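A.B. asks: Shown below is the structure under consideration.
The numbers here are math on the coordinates, done by the rules we state, and not lab data. Computed from a predicted structure; not experimentally measured. Counting neighbours? That spans all protein chains shown, and the Cβs are built from the backbone with ideal geometry, glycine included.
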């Protein structure tokens, strides 16, 4: 970690500055993009519009999930409660994510990244994989199999039957759960996701567009799962050394073109190495922080992926 330790705290400090305005604009911008995606089939009622709409909706489902991640770090807004409130209802709940459970889990990922104790380690340890294996994963995502398995696991987690685990390793809960407690847990865990999606459906219904809600569901069950997998793998899979505590070895930053920001890399999520170097840098400060690190020579011996196609090449074995 020598390279990291040479960073001057006074120089890094400006990049840690949070802004309520920038945080609000990010959340608003993501929801305006969602509104635009829903409007496309109305403005241009042809089948390509529906495909583009699903792609954009999946992109912004990933976008608000990423904003929930930033809120879980208390890095989206200046105020802790604002992070929690907006992060829970407007970012996590619409994509069936629980900010509070995620925060506990994710902070352990940061604490133990670069070790086998990292709760996300099972997601990355099998990479690189064969082309056949990667194709199978993609087909599972696009066919709805991944989403169905995920929803089943989330139901069991919300019920208290399974412990919260984003790699879905099917661990048993630490105690037996009665039917009454299970019902209470499910009510508590599913209330916000149901309310947020009901609100979205109600807005569409009030506009006479309730049928378009199916595009949101289709996006979630298919393309969102694929975008999520690619983004996830890009962050830590196929890195120089997954079991090195140095983020320069176990995390990756990827250059993202405009079309990648509209698919797999919304909201500066491609700057993942920077995020692990300094988790207290808000996402909207990451591009400037990246430029600063370049000036400091931090990346002299670090491979910055040249787009997500480059990442996919790193995820594949040279031979079957």
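A.B. asks: Out of 255, 18, 149, any idea which swings most in a Gaussian network model of the chain, alpha carbons joined below 10 Å?
C.D. replies: 149
A.B. asks: By how many nm would the segment from residue 81 to residue 142 grow when fully extended, if each residue of separation counts as 0.36 nm and the alpha-carbon distance is taken off?
C.D. replies: 18.3 nm
A.B. asks: Another one. In degrees between 0 and 90, to the nearest 10, how far off the longest principal axis of the chain does helix 286-295 point, with axes built from Cα atoms?
C.D. replies: Helix 286-295 sits at roughly 10 degrees to that axis.
A.B. asks: In addition: Please check: in the Gaussian network model of the chain (C-alpha springs, under 10 Å), which one of 196, 178, 39 has the largest mean-square fluctuation.
C.D. replies: The residue that fluctuates most here is 178.
A.B. asks: Ok, one more. Can you tell me which of 106, 211, 73 moves the most in a GNM of the chain? Springs connect C-alpha atoms under 10 Å apart.
C.D. replies: 211
A.B. asks: Right, next: Roughly what angle does helix 223-236 make with the longest principal axis of the chain, taking Cα atoms, 0 to 90 degrees, to the nearest 10?
C.D. replies: Approximately 20 degrees, to the nearest 10.
A.B. asks: To the nearest 0.05, what FRET efficiency results for residue 312 and residue 28 with a Förster distance of 45 Å applied to their C-beta separation?
C.D. replies: For residue 312 and residue 28, the calculated efficiency is 0.90.
A.B. asks: When the scattering of segment 2-315 is computed by the Debye formula from its Cα atoms alone, each counted once and equally, what is log10 I(q)/I(0) at q = 0.09, 0.12 Å⁻¹?
C.D. replies: -0.47, -0.86
A.B. asks: Here is a follow-up. Just to verify a number: FRET efficiency for residue 217 and residue 245, C-beta to C-beta distance, R0 = 45 Å, to 0.05?
C.D. replies: 0.65
A.B. asks: Something else: Quick one: if you stick a label point 7 Å off each Cα along the C-beta vector at residue 108 and residue 203, how many nm between them?
C.D. replies: A separation of 3.4 nm, rounded to one decimal place.
A.B. asks: Now a separate question. Quick check on segment 98-173: take the gyration tensor over C-alpha atoms, sort the square-rooted eigenvalues as a ≥ b ≥ c, and tell me if it's rounded (a/c under 1.5), prolate or oblate. Spell out each step's value before the answer.
C.D. replies: Details: a/c = 2.35, a/b = 1.20, b/c = 1.97.
Since a/c reaches 1.5 but b/c is at least a/b, the shape of segment 98-173 is classed as oblate.
A.B. asks: Another question, if that's okay. What FRET efficiency do you get for residue 255 and residue 117 if R0 is 35 Å and r is their Cβ-Cβ distance, rounded to the nearest 0.05?
C.D. replies: Using R0 = 35 Å, I get an efficiency of 0.70.
A.B. asks: Still on this structure, please answer the following. Take residue 195 and residue 135, extend 7 Å from each Cα along the Cα→Cβ direction, and tell me the distance between the two endpoints in nm.
C.D. replies: My value for the distance between the label points is 4.7 nm.
A.B. asks: Between 0 and 90 degrees, rounded to the nearest ten: what's the tilt of helix 131-143 against the longest Cα principal axis of the chain?
C.D. replies: Helix 131-143 sits at roughly 30 degrees to that axis.
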